[in-house]
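The block underneath contains the structure these notes are about, expressed in structure tokens.
Readers should treat all values here as calculations from the given coordinates under stated rules, not as data from a laboratory. This is a predicted model, so every value here is computed, not measured. Reconstructed Cβ throughout: ideal geometry from the backbone, glycine too, with neighbour counts over all protein chains shown.
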Amino acid sequence: MPTKTLEEVARYVNGRVFGDPNVKISSAATLNKAGDGDISFLANLKYEKQLRTTKASAVIVGKDTITDSKVPLLVAEDPYFAFMQIMVLLHGHRKHKKVGISRLAYISDSAKIGADCDIHNFVTVADDARVGDRCIIYPGAYIGEGVNVGNDCIIYPNVTIYDNCKIGNRVIINANSAIGEDGFGFASHNGLHHKIPQIGSVILEDDVEIGACCGIERGTLGDTIIEKGTKLGDLVAIGHGTRIGPHCLLVAQVGISGSTIMGHHCIVGGQVGITGHLTIGNSVMIGAQAGVINNVGDNKVIFGSPAIDAKIARRAYSMLKNLPDMRKSIHDLEKQIAELEQKKSTKKKKAK
Amino acid sequence: MPTKTLEEVARYVNGRVFGDPNVKISSAATLNKAGDGDISFLANLKYEKQLRTTKASAVIVGKDTITDSKVPLLVAEDPYFAFMQIMVLLHGHRKHKKVGISRLAYISDSAKIGADCDIHNFVTVADDARVGDRCIIYPGAYIGEGVNVGNDCIIYPNVTIYDNCKIGNRVIINANSAIGEDGFGFASHNGLHHKIPQIGSVILEDDVEIGACCGIERGTLGDTIIEKGTKLGDLVAIGHGTRIGPHCLLVAQVGISGSTIMGHHCIVGGQVGITGHLTIGNSVMIGAQAGVINNVGDNKVIFGSPAIDAKIARRAYSMLKNLPDMRKSIHDLEKQIAELEQKKSTKKKKAK
Amino acid sequence: MPTKTLEEVARYVNGRVFGDPNVKISSAATLNKAGDGDISFLANLKYEKQLRTTKASAVIVGKDTITDSKVPLLVAEDPYFAFMQIMVLLHGHRKHKKVGISRLAYISDSAKIGADCDIHNFVTVADDARVGDRCIIYPGAYIGEGVNVGNDCIIYPNVTIYDNCKIGNRVIINANSAIGEDGFGFASHNGLHHKIPQIGSVILEDDVEIGACCGIERGTLGDTIIEKGTKLGDLVAIGHGTRIGPHCLLVAQVGISGSTIMGHHCIVGGQVGITGHLTIGNSVMIGAQAGVINNVGDNKVIFGSPAIDAKIARRAYSMLKNLPDMRKSIHDLEKQIAELEQKKSTKKKKAK
């Protein structure tokens, strides 16, 4: 592992050092786990106390966090981004062994493979498929007929890409995901469900990352599209004809039904479900486990099932536990009112 | 792509034409995306306005929807079913290349393969397995020991079928699904979880379709059964010993625990969870994300977690957002009552 | 299938027989499905009635359940555990054919394989990986670079284990699961999501079982750890850097975000979601579909989304259906109070 001085690291991320610039940095760790040689980061001020107890050799902090720290500080505008840069500096991204084209892979004669690709054992590249330059395709992956894969893609083991899907550049697809299976489309008639041909495809644009064990259905008529820079966690299900805008983050186990359109820079929490045929705006944030059944405007923050405005939802859902007390209060009130009314009528009667 | 006249298409689906019967139809599209040569459909009257703006060459409508349309209409009893038929007429179902038995597949000497099968590279058909006629088994699929696959099945890449499962005719299993893994059955004793042998199997009856990345556990004692014509979306989990009746639709990410029995023609929305040992009736509809913890009678429509009658649930769950206001109202009422009571007692005291 | 007398079976599980000790037992079944030769079990007294109607040849009951039964009884301290033992006695655990090292598998020259392993077709064992003794690795599984697998493990078809993960002894990984894909970690900066290198790994300790189609992310800095004896159902997603304590049970479709720490002997119901950076105590029980967003102390029983104490939750969530009535009651009360107050003020006015 390479070792850098704090000063070298600071220069790399365009930050400033407070304290000894010569401490050696060789890796990174969280504040409470860091030891000698580790740089840590303070992205959230609520952990500021840990600055006094951490055994890190240096800590990345945000601009506004000037403290009389014993541990050397690296001040950066965006500490978490600086942390990412330093992780890349010290460790680099995942390495992939150069294997070339394995003779245990099956490549159709009509398929075209770009330069400098690594295609591992037991991979199938079917007829008329095209794979760009510098792609890495791990064992057991299946690249269907007519699939088009761009440059610099990484396709992990046992991924299945159905026929005619289009994969952009620098796309990463994690293990055991399925891209382009038929959409869940049936016409039910006289009690039988008849399969509707799904003639659309799936398009994953540049810089998309798909987690492990995801399922992305092909469209019925148009395509299912994940736009550039969007990242999906594990076990995400995307329905047919849905379009996820660019630079969204969809956490694990999200499910989005068919024909929904989502804008750019949305963040969708784990296990969220979104029904079909909706329009979700830009920069929408959806809390974990939410159930979205209506269109959502730009910049909204929502959660709950059914999902509502987060401010209201936070109060409303946390009040669920008060329901039994509320109900009792209502009954008590009803009794009190009845008594008050009775007294009155009794008085009246007496008065008569 | 074949081109038909509207009249030819109408005759095929047993419908009637209003407008020019000679317009050419070569594909299908939604009302707002359709262009020249496309037929579209109006399954829901709320989109009727789009009839005026669509650029489709023709639109399929239901019996009761006679309008003075500029666009030629094809009147069919069940427009969505007609749409499906026309999709099949124009595009056909998914084509599969004839490859025969790949010499890169492994077929056990004791396995039996029917006529006209296509078995791709890197497929394993284990000992004593039987595969019927005209089956297509894609790369990386695993057909375990003693598995029985019927005729005309399609098994997509990297599907795993564990030993002794029984697959009917015309069954489709999408990529990366697992059929017949051990049920989640452990006897916990003195703090350790002991595996209970799962000696049941999985039976998928005729015309079942399983989505991508599904997991269907084998039964502990009896079998886990998906009855004929039932379709599962992606990432569905079915517990051991559960029996799903015929002609059900289970949307993506549904989870059903063990030993539950479901009737026929049920529709289960996305991310629904159903606990074990329940009995769900026939023609039950369960809304997305519902949590079902009680038996459900025939023809019920339910949603919510816990799931209740849909009519009540629709009002109750939409009222969650009013909880803070309701609580405030109760507090206000309590104060008002207290004041009323105090005035009264003060009056009484004064009176004394 | 071997046949035992009830007495032999009783001796094996250290139980006592009431009734004919010589009845023959060859298999097991549930009370309502058992027939001649089957032993059944009564783990829950609410099914006691079935003792009168069951056709089982014998029934396992708990210590305190002495009845004047017609069917012979086997009294055992823990009937479900005895049932498990008898299942193992009669049927044994799943058998695996001895295949040795398939010549259709790819094993790197630098990989080390222990004694008596069965490595099937189309398996890849990458560079520097180590596999212990008596392991069974089914077709299509991928054992990445530097992975360490202990003794007596079973890895089912199409499982993917990424580089440098550590798998203990007697670990079972079901089909199509992914172990060690990158954690979902991105630093978002100027609208782009930058991948943070995930330099941690995944550790599965001894006697862990992982269901089918699970995804377990590797840690960003430290490791993701599943401790000894813990069992995961199908389609479970575990986030990066999370640590699940020993002897937990996580049912199907559970999702746990990153950096959460869970104690020992927890039971987590189906479709539960747990957010990141939480601490969950020991022996915690979490009901199906719960959404856990706060730390949880030892021995707590919680459910609901958001999850709260089960006793409160049971009442609160079942009261959701009363919300419309409650709201109406509040409105009625407000009207009544208004009337009472008006009468009073009218009276006052009249009095003036």
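Under a point-charge model restricted to the Cβ atoms of Lys and Arg (+1) and Asp and Glu (-1), what is the dipole moment magnitude of the protein assembly as shown relative to its Cα centre, in debye to the nearest 20? Present the calculation step by step, with values, prior to reporting the outcome.
Working: 123 positive and 108 negative charges, 1417 e Å.
Charge dipole of the protein assembly as shown: 6800 debye, to the nearest 20.
Working from label points 7 Å from Cα in the Cα-to-Cβ sense, the B:Ser318 to C:Ser345 distance is 3.4 nm. Rounded to two decimals, the Cα radius of gyration of the protein assembly as shown over 2.2 N^0.38 Å is 1.02. Farthest toward the positive end of the dipole of chain A, out of A:Tyr162, A:Tyr317, A:Ile173, is the Cα of A:Tyr317, where the dipole comes from beta carbon charges about the Cα centre.
Dipole size in debye (nearest 20) for chain C around its Cα centre, Lys and Arg Cβ +1, Asp and Glu Cβ -1?
Numbers: 41 positive and 36 negative charges, 512 e Å.
So the dipole magnitude of chain C works out to roughly 2460 debye.
Summed over qualifying helices (DSSP H, 4 residues or more, each -39500 (n - 2.57)) and divided by its residue number, chain B shows a 222 nm mean residue ellipticity of -5500 deg cm²/dmol.
Here's how it looks for A:Ile225: its modeled amide H is under 5 Å from those of A:Ile203, A:Thr242, A:Arg243, A:Ile244, which are all 5 or more places away or on a different chain. Calculated on C-alpha atoms, the gyration radius of segment A:158-305 divided by its Kirkwood radius gives an Rg/Rh of 0.97. From the alpha carbon centroid of segment C:69-125 to that of segment A:61-110 is 41 Å. With both residues required to sit in the protein assembly as shown, DSSP beta bridges show an antiparallel share near 15%.
Considering only DSSP beta bridges whose two residues both sit in chain B, what percent are antiparallel, to the nearest 5?
15 percent
Can you give the FRET efficiency to the nearest 0.05 for C:Lys97 and C:Asn295, using r as the Cβ-Cβ distance and R₀ = 35 Å? It comes to 0.15. Taking the number of Cβ atoms within 10 Å of each Cβ as an exposure proxy, the fewest-first ranking of B:Glu339, C:Glu334 is B:Glu339, C:Glu334. A crude spin-label estimate for the pair A:His277 and B:Lys55, with each label 7 Å from Cα along the Cβ direction, gives 2.3 nm.
Separation of segment A:13-27 from segment C:278-335 is 48 Å, based on Cα centroids. Contact order for segment B:194-256, expressed relative to its length and based on alpha carbon pairs under 8 Å spaced 6+ residues apart, stands at 32 percent.
Could you give the dipole magnitude of segment C:106-232 about its Cα centre, charging the beta-carbon of Lys and Arg +1 and that of Asp and Glu -1, in debye to the nearest 20?
Details: 9 positive and 18 negative charges, 41 e Å.
Here the size comes out at about 200 debye.
Peptide B:9-20 has a mean shielding of 0, counted as Cβ atoms of other protein chains within 10 Å of each residue's Cβ. C:Ser108 label point (Cα plus 7 Å toward Cβ) to equivalent points in the other copies: 3.1, 3.1 nm, shortest first. The amide H of B:Arg130, built 1.01 Å from its N in the peptide plane, has B:Lys112, B:Val147, B:Asn148, B:Val149 as neighbours under 5 Å, considering only residues 5 or more places off or on other chains. Among the trypsin sites (Lys or Arg not before Pro) in segment C:1-83, those located in a DSSP loop and surrounded by at most 11 other Cβ atoms within 10 Å of their own Cβ are C:Lys49, C:Lys70.
Between segment A:235-250 and segment C:192-224, how many Å separate their Cα centres? Centre-to-centre distance over Cα atoms comes out at 23 Å.
Dipole orientation for segment A:190-251: of the candidates A:Ala237, A:Gly222, A:His194, A:His194 has the Cα lying most toward the positive pole (charges on Cβ; Lys, Arg +1; Asp, Glu -1).
Annotation: extensible slack from A:Lys112 through A:Leu192 equals 24.6 nm (criterion: 0.36 nm per residue apart, minus Cα-Cα distance). Counting Cβ atoms of other protein chains within 10 Å of each Cβ in C:195-205 and taking the mean gives 4. By DSSP, the beta bridges lying fully in segment B:224-352 are antiparallel in about 10 percent of cases.
Please give the average number of partner chain Cβ atoms lying within 10 Å of the Cβ of each residue in A:301-307, rounded to a whole number. All intermediate terms of the calculation are to be shown ahead of the outcome.
On the way: counts 0, 0, 3, 6, 13, 8, 0.
Taking the mean over all residues of the peptide, I get 4.
Ordered by the count of other Cβ atoms within 10 Å of each Cβ, fewest first, A:Cys214, B:Cys213, A:Cys117, A:Cys248 give A:Cys117, A:Cys248, A:Cys214, B:Cys213. Counted by neighbouring Cβ atoms within 10 Å, the residues B:Ser27, B:Ser318 run from fewest to most as B:Ser318, B:Ser27.
If you average the sequence gap of Cα pairs under 8 Å that are 6 or more apart and divide by the length of chain B, what percent do you get for the contact order?
6 percent
When the Kirkwood hydrodynamic radius is evaluated over all pairs of different C-alpha atoms of segment B:1-80, what value in angstrom, to one decimal, is obtained?
Working: mean 1/r = 0.0829 Å⁻¹.
Kirkwood radius, segment B:1-80: 12.1 Å.
Since only B:His264, B:Thr346, B:Gly276 are under comparison, the one whose Cα sits farthest along the positive direction of the charge dipole of segment B:254-352, derived from C-beta charges on Lys, Arg, Asp and Glu, is B:Thr346. The orientation-averaged shadow of the Cα convex hull for chain B, equal to a quarter of the hull surface, comes to 30.1 nm².
Evaluating 6.51 cos²θ - 1.76 cosθ + 1.60 at θ = phi - 60° for every residue in segment A:142-153, the Karplus couplings come out as 10, 10, x, 3, x, 5, 10, 10, x, 8, 6, 8 Hz, glycine and proline recorded as x.
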